[in-house]
1. What pairs in Lys98/Lys279; Lys91/Lys115; Lys279/Lys315; Lys115/Lys247 have C-alpha atoms more than 25 Å from each other?
2. Using the Karplus curve 6.51 cos²θ - 1.76 cosθ + 1.60 with θ = phi - 60°, what ³J(HN,Hα) values do you get for each residue of the range 141-152, in whole Hz, with x for Gly and Pro?
3. Provide the net charge surrounding Ile184, with neighbours chosen by a C-beta distance below 13 Å and charges set as Lys +1, Arg +1, Asp -1, Glu -1.
4. Note the full-extension length gain between Glu275 and Arg108 as 0.36 nm times their separation in residues minus their Cα-Cα distance, in nm to one decimal.
5. Once amide H atoms are built 1.01 Å from N in the peptide plane, which residues 5 or more positions from Val283, or in another chain, come under 5 Å H to H?
6. Could you pull out every residue, at least 5 positions away or on a different chain, whose amide H is within less than 5 Å of the one on Lys98? Hs are placed 1.01 Å off N in the peptide plane, and Pro or chain starts have none.
7. Amide H to amide H, which residues 5 or more places from Gly141 or on other chains are under 5 Å from it, using H placed in the peptide plane?
8. For the range 237-253, just list the computed ³J(HN,Hα) in residue order, Karplus coefficients 6.51, -1.76 and 1.60, θ = phi - 60°, integers in Hz, with x standing in for Gly and Pro.
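What follows draws every value from the coordinates through simple rules; no lab data is involved. As the structure is a prediction and not an experimental result, all values here were calculated from the model. With ideal geometry, Cβ positions are generated from the backbone for all residues, glycine too; neighbour counts draw on all protein chains shown.
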Amino acid sequence: MAVSYSFVAFFNSISSSYSSSFSKPSLGSLKPHYGLRVDSKNSSRRLVLSCSSSHMDSNSDTMDIGQTQVSSTAPFGLTMSEANMSRSSCKWQRVLLKVSGEALAGDRAQNIDPKVTMSIAREVAAVTRLGIEVAIVVGGGNIFRGSSWAGSSGLDRSSADYIGMLATVMNAIFLQATMESIGIPTRVQTAFRMSEVAEPYIRRRAVRHLEKGRVVIFAAGTGNPFFTTDTAAALRCAEINAEVVLKATNVDGVFDDDPRTNPNARLLDTLTYQEVTSKDLSVMDMTAITLCQENNIPVVVFNLSNPGNISRAIKGERVGTLIGGTRNSMAART
């Protein structure tokens with residue numbers, strides 16, 4: 001293939017110019033310039049990008065194109081060593097946070113309370129800055145609950161559930177916007193295609209996002225009617241190899257009785273999967289609990305409205321109720 005003579009002449013002039021500049025340096029006589037030079041010791045292996053000034057010293061900045069430069073700074077301003085030390089202090093390294101739609105409503109003055117979403121965003125930021133990978137599944141009960149509307153005006157259960165899935169997408173987009181407003185890179189993935197507003201759920205892509213430090217919000221449940229977002233949380237947790245489901249609700253945990261009717265109801269610290277199913281405790285639906293049991297996924301049920309509960313739950317401190325796991329002996333009830 002013919003090579004333009006002008007290009008060859010230009011390259012030869014560049015090479016000769018930089019060769020002479022670096023072979024006979026004169027201190028104090030070199031003018032500031034930026035350019036490429038070939039390492040005279042091993043020109044076939046190393047290409048050096050050099051920024052030189054009128055006073056050359058041994059600490060001039062160079063970048064070896066053949067080597068990978070690794071940043072020593074972690075996200076949110078921590079050094080890598082600080083992030084690794086903080087990460088090792090946490091009980092779980094990849095978690096799935098399940099946020100119910102009712103929790104997003106806050107005081108129920110409106111469907112979504114911006115104060116609640118901002119509180120969630122700040123809590124998630126506090127743990128992602130430590131290197132913890134966080135995925136989120138959102139419910140839609142604050143906008144539309146399919147099981148409650150089924151049968152109304154001829155609305156069948158499947159159609160009602162699909163409307164409920166759309167409600168979770170609305171919550172996910174709102175939560176994504178809140179998180180990105182404070183600098184948290186976030187992706188929304190939906191169980192059925194809505195390519196104009198979110199990515200389709202692809203397991204490998206979701207895992208890659210997490211590995212890059214992004215928060216992934218899973219919306220539209222499982223994409224199938226007759227399944228709750230609790231089941232979607234258990235399913236996504238198993239698929240992305242998360243270590244725990246953190247179920248954030250508007251109650252402090254699981255009680256032995258309804259605390260709204262029984263003031264003496266006792267908050268349970270730990271439960272087994274069998275106790276949840278045999279006592280028919282209204283923690284998660286049976287499909288979700290069974291899926292967690294089969295995959296050895298612990299579940300932590302806690303109150304979202306208490307500040308700091310998300311980070312405390314991730315660190316393994318005694319918050320809420322732990323299902324299917326053991327408490328850290330060093331943790332203290334807060």
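1. Values: Lys98/Lys279 23 Å; Lys91/Lys115 28 Å; Lys279/Lys315 29 Å; Lys115/Lys247 19 Å.
The pairs that break the limit, which is 25 Å between Cα atoms, are Lys91/Lys115; Lys279/Lys315.
2. So the Karplus estimates, Gly and Pro as x, are x, 6, 10, 7, 10, x, 5, 7, 9, 4, x, 6 Hz.
3. Numbers: positive: Arg122, Arg129, Arg187, Lys212, Arg214; negative: Glu123, Glu133, Glu180.
Value of the local net charge: +2.
4. Details: separation 167, 0.36 × 167 = 60.12 nm, distance 3.23 nm.
So the extension gain works out to 56.9 nm.
5. It is none; the list stays empty.
6. Val137, Leu246, Lys247, Ala248
7. Residues meeting the amide H criterion: Gly101, Glu102.
8. 4, 5, 5, 8, 6, 6, 9, 7, 9, 9, 9, 8, 10, 9, 10, 6, x
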